[in-house]
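Only one structure is covered here, and it is reproduced in the block below.
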Amino acid sequence: MQRRLYSGNDPRRAHSIEDLRAMAARRVPNFCFEYVEGGAEEEATLRRNRDVFAEIAFRPRSLVDVSKRDIGINLFGKRSAAPFMIAPTGFSGLLSHEGDIALAGAAAAAGIPFILSNASTVPLERVIERAGGRVWMQVYMYRTRDFVAKLAERAQLAGVEALVVTTDSAIYGKREWDLRNYARPLKLDLRNTLDVLAHPRWMLDVLWPHGMPRFANLGDLLPPGQDSVRGAASALAKELDPSLSWEDIRWLRDRWPGRLIVKGLLHPDDAVRAASLGADGIVLSNHGGRQLDGSISAMDVLPDVVDAVKGRLAVMLDGGFRRGGDIVKAMAYGADAVLVGRATTYGLAAGGRAGVDRAIEILKTEVDRVIGLLGCGSIGALDRQYVKWSLRAEALEQVHEMGLQ
């Protein structure tokens, strides 16, 4: 049965992330919404990121006093008010004016970390000054390593807590939806140009009087005149480095004194390698389904990675988290924290800072309710006894039986 979603424009009245998604689809032009929504090629990885959660069922305990519940966690020696944080999402200024500040401010107010995207439209120093809180910075290992070194220096001077180096984008994925929206690089086709004119609220917020947002932390990396967020992905793609290797992680570790997080891993052996090179944490990720189509999800590999490196570094993950229950499932399988990207971005696109606040509030409330219904008083007490991965268990049993034959 088709569920009815909230059809108004006030994000404070949204009851789910899906409500915010529907609002976002109405408020921003097609080319913006497809940037948020889209995956690579046939979007099989994108679908897998959501489908995996349906394979995991809860196993609640009864007659447990859950009158007092705690959804907070300790991460790198600091208290976080919830088991999730805002993932790095680029081009946020295309969804709402100074969207990076709205995201960071909402995270600070909620007591959770925020990861600023390398492809942000507000200078990192201004984000930290305006928002406060725990700000981490995402970086790509571009061909121009000197640029990466200088960005790390800026981050250190600004008080960034952690660098999150993305490793799954050495080659740019094929995002066909993006290619179809442009007649040529930086130039929307006629259909999308007319669609922009049909969204006056978005135009008044984003375009007037500021003009098209531009990347604020990429310095001289992009060619002159190609720093606009409209179609600039093609210019950024040319700076990605196919020669990226573990030696580059070692290089960055030697230069960065703060916490170093390696993002984009999907194999237990890679997690072990990251730990051996001194990484403080990893993020299991397939880049939101936007890179390798047909890839496994982060949840698919989470149990094996936890078994391989738990206690040696922080194990985090992203990909497809839309409900508090999804977050609880990841925590039950041993994750130290979850990154949410599209969930809070829908809130930003739906209503700026108010939409992000509401997205975080929805997820917090859902996490709290789920652990209570599970008969578990705190996130820290979760373990695998509260979940059952039926399809995974059957597959493992088949593998075991084959080994005995």
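Quick note: the coordinates plus some simple rules give every number you see, no bench work behind them. None of the values given here were measured: they were computed from a predicted structure. All Cβ positions, glycine included, derive from the backbone under ideal geometry; neighbour counts span all protein chains shown.
Treating the beta-carbon of each Lys and Arg as +1 and of each Asp and Glu as -1, no other charges, what is the dipole magnitude of the chain about its Cα centre, to the nearest 20 debye? Mind dumping the intermediate values first?
Numbers: 53 positive and 50 negative charges, 204 e Å.
For the chain, the charge dipole is close to 980 debye.
Charge tally for R130 (other residues, Cβ to Cβ under 13 Å; Lys, Arg +1; Asp, Glu -1): -2. Counting only GluC sites (Glu not before Pro) that are in a DSSP loop and have at most 15 other C-beta atoms within 10 Å, tell me the longest site-free stretch of the chain. That would be 56-405.
From the square roots a ≥ b ≥ c of the eigenvalues of the alpha-carbon gyration tensor of the range 34-110, which class results: rounded (a/c under 1.5), prolate (a/b over b/c), or oblate? Judged from the Cα gyration tensor, the range 34-110 comes out oblate (a/c at least 1.5, b/c at or above a/b). For K187, a cut-off of 21 angstrom between C-alpha atoms picks up these lysines, skipping any fewer than 8 places away in its own chain: K174, K238. Remark: spin-label model distance L240-T144 equals 1.9 nm, labels positioned 7 Å along the Cα→Cβ axis. Each residue, L277 and R214, gets one label point 7 Å from its Cα in the Cβ direction; the gap between the two is 3.4 nm.
Computed packing ranks the peptides 61-73, 279-291, 295-307, 181-193 as 279-291, 295-307, 181-193, 61-73, most packed first, by mean other Cβ atoms within 10 Å. Placing +1 on the Cβ of every Lys and Arg and -1 on the Cβ of every Asp and Glu, with no other charges, gives the range 69-127 a dipole of roughly 220 debye about its Cα centre. Toward the positive end of the charge dipole of the chain, with +1 on the Cβ of Lys and Arg and -1 on the Cβ of Asp and Glu, the farthest Cα among V262, A106, F91 is that of A106. For the pair L197 and R59, a Förster radius of 51 Å applied to the C-beta separation gives a FRET efficiency near 0.45, rounded to the nearest 0.05.
As a calculated quantity, the FRET efficiency between A183 and D383 at R0 = 51 Å, using C-beta atoms, amounts to about 0.45. In this simple spin-label approximation, R3 and L157 carry label points 7 Å from Cα along the Cα→Cβ vector, and these lie 4.8 nm apart. Taking the charge dipole of the chain about its Cα centre, with +1 at Lys and Arg Cβ atoms and -1 at Asp and Glu Cβ atoms, the residue from A332, G355, N49 reaching farthest to the positive side is G355. With 0.36 nm allotted per residue and the present C-alpha distance subtracted, the L373-R312 stretch has 18.8 nm of extension available.
Can you give the translational diffusion coefficient of the chain in µm²/s, computed by Stokes-Einstein from the Kirkwood radius over Cα pairs at 10 °C and 1.306 mPa s?
For these conditions, the coefficient is 73 µm²/s.
Per-residue ellipticity at 222 nm from helix content only, as computed over the chain with -39500 (n - 2.57) for each DSSP H run of at least four residues, stands at -13000 deg cm²/dmol. Over the Cα atoms of the range 73-172, Rg to Rh with Kirkwood Rh, two decimal places? Rg/Rh for the range 73-172 comes to 0.96. Using R0 = 25 Å, the C-beta based FRET efficiency linking R12 and R79 works out to 0.40. Under a model in which nothing but the beta-carbon of Lys, Arg (+1) and Asp, Glu (-1) is charged, the range 109-207 shows a dipole of about 240 debye around its Cα centre.
Where a ≥ b ≥ c are the square roots of the eigenvalues of the C-alpha gyration tensor, would you call the range 155-207 rounded, which needs a/c under 1.5, or, failing that, prolate if a/b is larger than b/c, or oblate? Oblate.
Neighbours of D357 by Cβ distance under 11 Å: Lys/Arg scored +1, Asp/Glu scored -1, total +3. Summary value for the chain: 28 percent relative contact order, contacts being C-alpha pairs under 8 angstrom separated by 6+ residues. Exposure proxy shown here: for L75, L197, the number of other Cβ atoms within 10 Å sets the order, fewest to most, as L197, L75.
Among the trypsin sites (Lys or Arg not before Pro) in the range 1-42, those located in a DSSP loop and surrounded by at most 12 other Cβ atoms within 10 Å of their own Cβ are R3, R4.
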